[in-house]
Structures are given as structure tokens and as C-alpha cells.
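Below: the structure, in C-alpha cells.
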Amino acid sequence: MYSYPLSSRILLAIDCIIFGFDGKDIKLLLIKRNFEPEMGKWSLMGGFLKEEEDLEAGASRILFDLTGLKDVYVEQLEVFGKVNRDPAERTVSVVFFALIQIEEHDAEAVRSHNASWISLDKRPQLIFDHEQMVMRAIEHLRYKAALHPIGFELLPEFFSIPQLQKLYEAIYNTPLDRRNFSRKLLSTGLLIDTGHKSSNSTTKKATLYKLDTVRYKEKFHAFWNFMPDSMKPV
């Protein structure tokens, strides 16, 4: 058994940026810390990587602990490692971002962690470099949503086109043309008409669709064409 010469101790943390959509706003799941440093301030959900864990397994553990959900969309984003980023001890953080359906999360688990869903545009000041992490995640979400159909990860099983439009308007913080959006969306062939109508008061009589999961996987890299040219990545 080989080992490297003993060096200085550096902790490896995982911080999770968890996005949800409430039908109107993109929301961020934040916790109010009950421990030092920065007790009582707002933070991303995080934890330290266990010795026997892969990074992805650690992120899944932290996400499940907070939301009670497994098999959610999660992606490694970036590594933050400035020397003084954590005043307690030298800590390098690997950041993941996740997309979940708000109505499916474990509300009791969220409460037990002193966590809350907060709209992106109303988020409080965050500890350490967590605001930088969130800004990078927003940029990446917008980039990925223009290229891939990841927006569906934030919607319930059955949804209307107006709901989907509101989601993309919330992601990009800009209005979209209704007819153009609907036409391009339907042309992808990713939607299955359920034959039912929405009972939501704001979209009453709108057709409810569900995602064709087979075509979703097949066409994952060919969805960007329904977005306006100004929103496509360059």
C-alpha cells in the first residue's frame, strides 16, 4: 500500500445549488445556518465529502438529505478554492447544481434543515463566496436551457404550454412571443397530448401535455431551435 508524504490538511466540501419553479418564479433552496462561522446567515446546502465517497455520490447524499429526492437532474458546475474563502479552515468546494420539482420535495426535511425556497431576485446576502456560485449557476442554467430540454426537469408530470413558456420567461427574465414559442415547441415532437385540460385558473382550458421521455433522450442535443436567436449561446 503506497501513500503520499503527509502534507497540510485541506478539506473538500460539496455545495449544492438547488433550483425549483413554482409556476411563476425560479426559486433557490437556501438554509439559515445554525452553526459557526456565520451562524444565522443564509447559505447554500453543503457538506464535507466522506472518505469513501465519489464526488457525485456525495452530492446525491446531500441533495437527498435536504429534499428527500433521488434521481434528480444534477450536474457538477465548478470548483472554488481561494485560500481564504472559508474563515474556519482551508476548504476547497466542488459546486453542483440541481433541478427539482418543488411539489415533490420533502417539506419536512426542508424545515428540519431550517431551509426555505426563495425567489432568485429576492435572495438574501449569502455567506463566503456562495453568491458567486449562484451567479455562475444562473449563467450555466441559461446556457444549458438554450441547448438542451432541461427545463422539463422543473415541471410537474403534466403541464401546459403556457406553463412551459412562463418557466422559460423566468429562466431568461424576458417575455417570449406566445405563438412563436408554441409553434417551435410543438415542432420538436417532445410533447404528448394527454387529452386533458388544465384546471389552473390562469391557464384554464389549456391542453395538458407530458414529456415523451424516449424522444427526450434521443433529442437531448437538438432542442435549442425553439429558443429565440438572441438567447442561443455563441
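Nothing in this text is a laboratory measurement; each read-out follows from the coordinates by a stated rule. Just so it is clear, the model here is predicted, and its values are computed rather than measured. Neighbour counts run over all protein chains shown; Cβ positions are idealised from the backbone, glycine included.
Karplus-based coupling profile of the stretch 148-153, in residue order and whole Hz: 9, x, 6, x, 4, 5, with θ = phi - 60° in 6.51 cos²θ - 1.76 cosθ + 1.60 and x standing for Gly or Pro. Close amide H partners of Asp86, meaning residues 5 or more places away or on another chain with modelled amide H under 5 Å apart, are Thr91.
Only lysines eight or more places from Lys197 in sequence, or on another chain, were considered; those with a Cα closer than 25 Å are Lys24, Lys166, Lys184, Lys205, Lys210.
For the chain, the 222 nm mean residue ellipticity estimated from helices alone, with every DSSP H stretch of n ≥ 4 adding -39500 (n - 2.57) and the total spread over all residues, rounds to -8500 deg cm²/dmol. Near Leu30, once Lys and Arg are set to +1 and Asp and Glu to -1 for all other residues with Cβ below 12 Å from its Cβ, the sum equals +4. For Tyr73, nonlocal amide neighbours, meaning residues 5 or more places apart or on other chains whose placed amide H falls under 5 Å from its own, are Leu99.
At an R0 of 30 angstrom, the distance between the Cβ atoms of Gln132 and Asp193 translates into a FRET efficiency of 0.10.
Relative to the longest principal axis of the Cα atoms of the chain, helix 55-67 runs at roughly 70 degrees. Between 0 and 90 degrees, the angle of helix 130-147 with respect to the longest Cα principal axis of the chain falls at about 30 degrees. Projecting the Cα positions of His105, Phe80, Ser93 onto the charge dipole of the chain (unit charges on Cβ atoms of Lys, Arg, Asp and Glu, taken about the Cα centre) puts His105 furthest along the positive direction. Per-residue extension of 0.36 nm, minus the Cα-Cα distance of Ser116 and Asn84, leaves a gain of 8.8 nm for this segment.
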